[in-house]
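Have a look at the structure below before the remarks.
The values are calculated or read from the model by the stated rules, or taken from the named source; none is laboratory data. Computed from a predicted structure; not experimentally measured. Cβ placement follows ideal geometry from the backbone for every residue including glycine, while neighbour counts extend to all protein chains displayed. Accessible surface is based on the protein model in full, side chains and every heavy atom, while ligands, DNA and RNA are left aside. Shrake-Rupley method; radii C 1.70, N 1.55, O 1.52, S 1.80 Å.
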Amino acid sequence: MAATSEPKNVSTKLQRIAGLAREAPDMALTTLAHHMDLDFLKEAYRRTRKDGAPGVDGQLADEYGGNLDSNLLSLLERFKSGTYRAPPVRRVHIPKGDGTRTRPIGVPTFEDKVMQRAVTMILEAIYEQDFLDCSYGFRPGRSAHQAVDALWTGMTKIAGGVVIELDIESFYDTIDHGRLRSFLDQRVRDGVLRRMIDKWLKAGVLEKGKVSHSETGTPQGGVASPILANIYLHEVLDRWFEEQVKPRLDGKSFLVRYADDAVLVFSSENDARRVFEVLPKRFARFGLTLHREKTRMVSFRRPRPDAGNRMEGRATKPGSLDFLGFTHFWGRARQGKWIIKRKTASSRFSRAVRRIALWCRKHRHQSIEEQHRSLVAKLRGHYGYYGITGNGWQISAFRTRVSEIWRKWLDRRSQRSRMSWEKFRRVLQRFPLPPAVAIHSVCRLVAKP
């Protein structure tokens, strides 16, 4: 949310907290909870999503908002008196990757979401002064597209280099509570806020009717989880790499991190190998484990003519890497120079096609108008993320696949009335699918030959 849309007193309070954190980067702030009043909680309520699933109490946002002032006053009193009890998080599992695996997501109660949002607002005001430019995930004014562009721009400037792709096994489930508390001690020592955070860490998870507690982890899906995860990785990876690793390297290097997805890029292969060897030890020190197969080192240098085939002008096969749903690879520009191109990762493309096919099969008996309305929304959502410069052909291919799938399941609605391509073209004239448009554009840099 833009600061200009906040109530003036809330905006002023957050600016004051940010100013204190900026002026004293090495000081822990001890008096923060007094900034939280009814207006502060109303702003937290405004920022909280109202369409989310209910938590363990089954209460919806509309029900809570029906008596908002009274509910928020009660919440504020319980928060400051220390009598607030954090309810367990309801755990659900959503499909992950190819659909054969699932990702556990925690669903807090709506009131708990409001409370977490309020505390997160204060933590963000403090830690936005500390977080480094290399991190992009779940930060105000930052996005996945910015992370992808930072990776693309940085690799273009150093002509590729050697890349380390990081994958942390079950990151949100293995965050060490003791280590997290020690990191928070460096900047936040307000007793009321810290007691609240501890309650969330100890709240437990409700799954299949049973509540379980763990000494590690923060439920993925909670409002406060992203900021706590960023604080953890800021210390474990970001600061360590910038302050301790980079000064010891021979060549250029940079880090791009979005939540727990990170890539490290090096101009020197020797530097990359040295860091690759020490990374597992660094993460193990803080209770984290790198995935042995998914954490890998990739040669991503700009292709050059092979020494044995220099006369034929052949080039060695370039490498490729995936980051945040995009495959980065070397290709020729129209002028013939090598540039880094990006396209939708094949796994993401296939997953999106499967989801469209499943949706069309389940909803094939809806009216064509209703199906069209939903498919248009799904296509625009796909364009909204994957529609970047140079990826027009992939989103166009996705639109074609959606058309084919839609016709297939319209054709199977009845054995009597078949949906031939000629008939389907008439349907598309009346209910056209939105054209594939690259919504996000970036300034193109071309690597030197």
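Here are the numbers for the structure shown:
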read-out: Estimated distance in nm for a label pair at K199 and S346, the labels positioned 7 Å out from Cα along Cα-to-Cβ; value: 5.1
read-out: Lysine pairs in the stretch 224-373 with Cα atoms under 21 Å, if 8 or more residues apart or on separate chains; value: 6
read-out: Phi-based couplings in Hz for the stretch 260-274 (Karplus 6.51, -1.76, 1.60; Gly and Pro marked x); value: 9, 9, 9, 10, 10, 10, 10, 7, 10, 5, 5, 4, 4, 5, 5
read-out: Cut-off under 5 Å, modelled amide H: who pairs with R103 long-range; value: I94, K96
read-out: Accessible area of K202 in the full protein assembly, 1.4 Å probe (Å², nearest 10); value: 130
read-out: Two-site FRET efficiency, S320 against E277, from Cβ-Cβ distance with R₀ of 25 Å, rounded to 0.05; value: 0.60
read-out: Distribution of pairwise C-alpha distances over the stretch 141-239, 5 Å bins, in %; value: 2, 10, 17, 20, 16, 12, 10, 7, 4, 2, 0
read-out: Cβ-Cβ FRET estimate between Q244 and R416, R0 fixed at 60 Å, reported to 0.05; value: 0.25
read-out: Exposure ranking of T216, T120 by accessible area [1.4 Å probe, largest first]; value: T216, T120
read-out: Long-range HN-HN contacts of Q59 with modeled amide H, under 5 Å; value: F110
read-out: Restraint check, K8/K50; K42/K199; K42/K113, Cα-Cα greater than 18 Å; value: K8/K50; K42/K199
read-out: Estimated FRET transfer efficiency (H365, R296; beta-carbon r; R0 56 Å; 0.05); value: 0.75
read-out: Karplus-derived 3J(HN,Hα), 6.51/-1.76/1.60, for each residue of the stretch 345-353, Hz, glycine and proline x; value: 4, 4, 5, 5, 4, 5, 4, 5, 5
read-out: The chain: C-alpha gyration tensor shape, a/c 1.5 cut-off, then a/b vs b/c; value: oblate
read-out: Alpha-carbon centroid distance for the pair the stretch 5-50 / the stretch 114-188, whole angstrom; value: 20
read-out: Built amide H within the under 5 Å cut-off of W330, gap 5+; value: K341
read-out: Protection proxy ranking, peptides 348-355, 359-366, average beta carbon neighbours within 10 Å, highest first; value: 348-355, 359-366
read-out: Largest-first ordering by accessible area, 1.4 Å probe, given options K50, K208; value: K208, K50
read-out: Full-extension gain in nm, D173 to A53, via 0.36 nm per residue minus C-alpha separation; value: 41.1 nm
read-out: Over the chain: helical MRE at 222 nm, DSSP H runs n ≥ 4 each giving -39500 (n - 2.57), nearest 500; value: -13500 deg cm²/dmol
read-out: Binned Cα-Cα distances of the stretch 66-105, short to long, each 10 Å bin given as a whole percent; value: 24, 25, 21, 21, 10
read-out: Distance between modelled label sites at K408 and K208, nm, 7 Å Cα→Cβ extension; value: 3.5
read-out: ³J(HN,Hα) computed for each position of the stretch 7-17 - Karplus, 6.51 cos²θ - 1.76 cosθ + 1.60, integer Hz, glycine/proline x; value: x, 4, 5, 5, 4, 5, 4, 5, 5, 5, 4
read-out: Heavy-atom accessible area order for E207, E23, largest first, 1.4 Å probe; value: E23, E207
read-out: Accessible area of the stretch 1-140 belonging to carbon and sulfur atoms, whole % at 1.4 Å probe; value: 51
read-out: Gyration tensor (alpha-carbon) shape descriptor, the stretch 1-146, a/c threshold 1.5; value: oblate
read-out: Whole-angstrom gap from the stretch 229-276 to the stretch 331-380, using each part's C-alpha centre; value: 33
read-out: Over the chain, relative contact order from alpha-carbon pairs under 8 Å, at least 6 apart, %; value: 16
read-out: Average accessible surface area per residue within the chain, 1.4 Å rolling probe, Å²; value: 51
read-out: Cα gyration tensor shape of the stretch 82-187, rounded if a/c is under 1.5, else prolate or oblate by comparing a/b with b/c; value: oblate
read-out: Only Lys, Arg (+1) and Asp, Glu (-1) charged, at Cβ; the stretch 150-306 dipole about Cα centre in debye; value: 200
